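Okay, so here's the structure we're looking at.
The values are calculated or read from the model by the stated rules, or taken from the named source; none is laboratory data. The structure displayed is predicted, hence computed values, not measured ones. With ideal geometry, Cβ positions are generated from the backbone for all residues, glycine too; neighbour counts draw on all protein chains shown. The protein model used for the area step is the full one, side chains on, heavy atoms only, and it has no ligands, DNA or RNA in it. Shrake-Rupley method; radii C 1.70, N 1.55, O 1.52, S 1.80 Å.
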Amino acid sequence: MTNSFESDLENSTSDASLSHSRALSEKIEAGIAKDPSEFRVLTGDRPTGNLHIGHYFGSLRNRVRLQRAGVETWLVIADFQVITDRDGVGPIRERVYSLLADYLAVGIDPEKAVIFPHSQVEGLNQLLLPFLSLVTDAELRRNPTVKAELDATGNRPMSGLLLTYPVHQAADILFCKANLVPVGKDQLPHLEQARVIADRFDSRYGRPAGAEKPIFPRPQALLSEAETVLGLDGTKMSKSKGNTIELGMTADQTAKLVKKAVTDSERTITYDPAGRPEVANLLLLAALCQDRDPSTIADEIGNGGAGTLKKVVTESLNELLAPIRERRAELAANEDYLREVLQRGIERANEQAEATQAEVREAMNMVY
Ligand code: TRP
């Protein structure tokens, strides 16, 4: 193939690229502080299960902060992405509503945000066709996140959708011309792919007559500086391992799960992430909930041992989550309201998608 297909997607999680993304994220934060109206955020989640505190500290909190800073926020509920690595959609309807309730409960403002499942936006999905013409199977196969996701499925063969979903994700981002995508570092290869597609579209198919700017802006990742919290057993947090606290759990369920958390046999509590990772992780959880320093909390507990540590963690979590859980329960009981929010988001997303499609058809001379 030609040079226009050369890119180094496989390097996008390298150390150099990561520190570049971090430096860029700092610059973007300064830009937001100056003029939030320059930015449109799009980010989202796959509706595969209930959101938990890992999502809260890793991304949800940051989205709420950006929205409150005045950045326009679009949230995609990536329902088609559910079937990239499994056979069925599962209880998809319940999960979409539950995800929406989680978003609103943590503080996303439904009056300002555009929240939509991408299956409901035809013009978004239709971008997949021209976008697929701009990528090669070789570069998709090199995508490290796709590779990791394939590995995680065991011996499942690669489906066409798993291979190409980064292109569909580019459509999620580009259809609404988002220029800012707050994500974790596992999503950096997808962002690089979206930029490559935006550039190639412009150089290959051009622009509507007289347009000064490319149709699609180059979207930048905004890496959240949040530390990764591990599960209650000190391993990677995941719903399937039962080592996390879901936002919708009760205070009692939380207490029970924290009681089972892994600690060590040393009585004095110290914050030592390298030497005592499980204890340090619990301290970090309490610290994030209280917005304080984990070492200070360790000093306060001192000789109180694991029992006191767990009590502190439980109380911190339950205090942080109480208002979120209350709002979540109210919302879950009011499906009419949730449906209305979703319909509004779907309508707005479709307006935008149709406007973008009109430009795309003009650029591609497909106007008949
Ligand atoms: N792939 C993302 C994840 O698993 C979810 C997602 C779908 C997304 N579309 C997106 C994230 C667009 C950012 C932008 O977390």
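Given R₀ = 35 Å, FRET efficiency for Ser37-Ala322 by Cβ-Cβ distance, to 0.05?
Efficiency computed from Cβ-Cβ geometry: 0.55.
Decide, for segment 251-368, between rounded, prolate and oblate: order the square roots of the alpha carbon gyration tensor eigenvalues as a ≥ b ≥ c, take rounded if a/c falls under 1.5, and otherwise choose prolate if a/b is larger than b/c, else oblate.
prolate
Near the amide H of Asp272, under 5 Å away, which other amide H atoms are found, from residues 5 or more places off or on another chain, if H is placed in the peptide plane?
Placed amide hydrogens put Ala280 under 5 Å from Asp272.
Expressed as a whole percentage, what fraction of the accessible surface of the chain belongs to carbon and sulfur atoms when a 1.4 Å probe is rolled over the protein heavy atoms? Walk me through the numbers before you get to the answer.
Values: 8830 of 17570 Å².
For the chain, the apolar C and S fraction of the accessible surface comes to 50 percent.
Measure up Lys260/Lys310; Lys34/Lys112; Lys147/Lys177; Lys27/Lys213; Lys256/Lys311 against 18 Å on the Cα-Cα distance and list the ones that go over.
As for pairs spanning more than 18 Å Cα to Cα, those are Lys34/Lys112; Lys147/Lys177; Lys27/Lys213.
Pull up the DSSP beta bridges for the chain and report the antiparallel fraction as a percent, rounded to 5.
Of all bridge pairs located within the chain, approximately 5 percent are antiparallel.
What's the magnitude of the charge dipole for the chain around its Cα centre, counting Lys and Arg as +1 and Asp and Glu as -1 at the beta-carbon? Answer in Debye, nearest 20. Don't skip to the answer; put the middle values down first.
On the way: 43 positive and 53 negative charges, 60 e Å.
Value, rounded to 20: 280 debye.
Based on DSSP H assignment, which helices of the chain show an axial Cα extent of at least 27 Å together with a mean Kyte-Doolittle hydropathy greater than or equal to -0.5?
Qualifying helices, which must be both long enough and hydrophobic enough, are 15-34, 305-332.
Would you please give the residues with an amide H less than 5 Å from that of Leu222, counting only those at least 5 places away or on a separate chain, with H modeled from the backbone geometry?
Val181, Val183
Give me the dipole magnitude in Debye, nearest 20, for segment 30-148 about the Cα centre, with unit charges on the beta carbon: positive for Lys and Arg, negative for Asp and Glu.
The calculation lands at about 360 debye.
Hey, what's segment 178-332 come to in accessible area per residue, 1.4 Å probe, Å²?
Solvent-accessible surface per residue comes out at 48 Å².
Please list, ordered by chain and number, the residues whose modelled amide H lies under 5 Å from the amide H of Glu72; skip anything fewer than 5 residues away on the same chain.
It is Phe39, Val41, by chain and number.
Over segment 164-211, how many percent of alpha carbon pairs lie in each 10 Å bin up to the one with the longest distance?
In whole percents, the pair-distance histogram is 24, 54, 18, 4.
Could you order peptides 182-194, 294-306 by the average number of other Cβ atoms within 10 Å of their residues, highest first? Provide the component values of the computation, followed by the final result.
Details: 182-194: 21.2, 294-306: 16.2.
The densest-packed peptide leads the list: 182-194, 294-306.
When you take every Cα atom in the chain, what is the radius of gyration, and what is Dmax, the widest Cα pair distance, in Å?
21.9, 78
Name the residue from Ala349, Ser133, Gly305 whose Cα lies farthest towards the positive end of the charge dipole of the chain, charges +1 on Cβ of Lys and Arg and -1 on Cβ of Asp and Glu.
Of the options given, the answer is Gly305.
Please report the relative contact order for segment 239-332, taking Cα pairs under 8 Å with a sequence separation of at least 6, and give it as a percent rounded to a whole number. It would help to have the intermediate numbers written out before the result.
Values: 99 pairs, mean separation 30.9, N = 94.
Dividing the mean separation by the residue count of segment 239-332 yields 33 percent.
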